[in-house]
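Have a look at the structure below before the remarks.
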Amino acid sequence: MTCHTQKISQKWELQALFCFHCFQSSFNLLSLSLAASDSVHELAFLQCLSGHSRPSHPISAVLYTPDNSSYSSVLESYIRNLRFNTPATPKLCLIITATHESHKQAAVICSKKHGLEIKIQSGDHDYEGMSYVSDAPFVILDMFNLRSISVDIEDESAWVQAGATIGEIYYRIAEKSKTHVFPSGTCVTVGAGGHFSGGRYGNIMRKYGLSVDNILDAQLVDNIFFFLI
Ligand SMILES: Cc1cc2nc3c(=O)[nH]c(=O)nc-3n(C[C@H](O)[C@H](O)[C@H](O)COP(=O)(O)OP(=O)(O)OC[C@H]3O[C@@H](n4cnc5c(N)ncnc54)[C@H](O)[C@@H]3O)c2cc1C
């Protein structure tokens, strides 16, 4: 039976990276002053996040700050490569486990406003620390919960959220058709977000090309509004 390509579009998030300089000082007075200003800064950042998320989907319910008792264990679960799980590894400020579109935009808007980097995680298969290590203060935006897949067999296309794994995509396509497939990788647990944004190859690459060759459209998030390309 001939295998037809299933063209899949992907929603992903545009990362905005900004430098934030940390100053250290041996003066106790200055240290105290910086600590106070840090907590004011953190509070302003949290207020910004709340202000930019929908009241029906409060972002406060999906935040992990160092004040949470489970913060350390949650943070460790993001560090796929244990080489980076040392006391010397710079640690992040906040984890946002987005469950609604507005959480992503709030993360982008407020991180830019407050000079924080964003590290986005989709399938958490990064062993190089790209999505959980930085010398600058940063937040992790976790896309794990945003994993819907909508397959349109008539149109031979699908919309996929960044947190879906490629195994879930194969499965949802196979539920609707035994003659369609999407050209992608062999490891079924990698996330659509990190996988597709890197090109990606798999078993049917020679016939159908890379995953990215078959992406029709993407929804990006910037600090002003959602837009499509
Ligand atoms: C066991 C294993 C098997 C693999 N097999 C294959 C294979 O067969 N074919 C192949 O081509 N590759 C393969 N890879 C490589 C894999 O596709 C990449 O590591 C990919 O980046 C993983 O994406 P992720 O979302 O799972 O990881 P993550 O750690 O979540 O993200 C990886 C990178 O992408 C960025 N990113 C993630 N989501 C987004 C988003 N929504 N918007 C913007 N940036 C984002 C992260 O910040 C990070 O820099 C494999 C990797 C592993 C570990």
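Tell me, in nm to one decimal, what length is gained between Ser77 and Ala136 on full extension, where the rule is 0.36 nm per residue of separation less the Cα-Cα distance?
19.2 nm
Contact order, relative form, for the range 28-142: 30 percent (alpha carbon pairs under 8 Å, 6 or more residues apart, mean separation divided by residue count).
If you stretched the chain out fully between Arg54 and Leu216, how much longer would it get, using 0.36 nm times the residue separation minus the C-alpha to C-alpha distance?
Extra length from Arg54 to Leu216 when fully extended: 55.4 nm.
Put simply, the amide H of Val221, placed in the peptide plane, has neighbours under 5 Å in Leu14, leaving out anything fewer than 5 places away on its chain.
Working note: Karplus 6.51/-1.76/1.60 with θ = phi - 60° gives the range 155-165 the couplings 8, 6, 8, 7, 9, 10, 7, 4, x, 5, 8 Hz, where Gly and Pro are set to x. When the solvent-accessible area of the range 28-142 is split by element, carbon and sulfur atoms take up 56 percent of it, the probe being 1.4 Å.
Across all directions, the average projected area of the convex hull around the alpha carbons of the range 53-94 is 3.7 nm².
Ordering Ile79, Ile215 by accessible surface, largest first, gives Ile215, Ile79; the 1.4 Å probe counts only protein heavy atoms, with every chain in place. When Tyr201, Tyr127 are compared by accessible surface with a 1.4 Å probe, the order from highest to lowest is Tyr201, Tyr127.
Once the Cβ-Cβ distance between Phe84 and Cys187 is put in as r, and R0 is 22 Å, what FRET efficiency do you end up with, to the nearest 0.05?
0.60
Residues whose amide H comes within less than 5 Å of that of Asp124, counting only those at least five positions distant or on another chain, are Gly191 (H built at 1.01 Å from N in the peptide plane). Listed values for the range 69-77 are Karplus-derived 3J(HN,Hα) couplings in whole Hz (6.51 cos²θ - 1.76 cosθ + 1.60, θ = phi - 60°), namely 5, 8, 4, 5, 5, 5, 4, 4, 5, and x replaces Gly and Pro. Assign one of three labels to the range 28-142, namely rounded, prolate or oblate, based on the Cα gyration tensor with a ≥ b ≥ c the square roots of its eigenvalues; rounded applies when a/c is under 1.5, prolate when it is not and a/b is larger than b/c, and oblate otherwise. Oblate is the answer for the range 28-142, as a/c is 1.5 or above yet b/c matches or exceeds a/b. Which percent of Cα pairs goes in each bin when the distances of the range 100-153 are cut into 10 angstrom slices starting at zero? Going out from 0 Å in 10 Å bins, the range 100-153 shows 21, 45, 26, 7, 1 percent. Taking amide H as placed 1.01 Å from N in the peptide plane, Val181 has its amide H under 5 Å from the amide H of His4, Gln6, each at least 5 places away in sequence or on another chain. What's log10 of I(q)/I(0) for the range 102-218 at q = 0.10, 0.14 Å⁻¹, Debye sum over Cα points only, no solvent? Computed log10 I(q)/I(0) values: -0.34, -0.63.
The values are calculated or read from the model by the stated rules, or taken from the named source; none is laboratory data. Keep in mind the model is a prediction, meaning the values are calculated, not measured. Neighbour counts run over all protein chains shown; Cβ positions are idealised from the backbone, glycine included. SASA here: full protein model, heavy atoms, side chains in, ligands and nucleic acids out. Shrake-Rupley method; radii C 1.70, N 1.55, O 1.52, S 1.80 Å.
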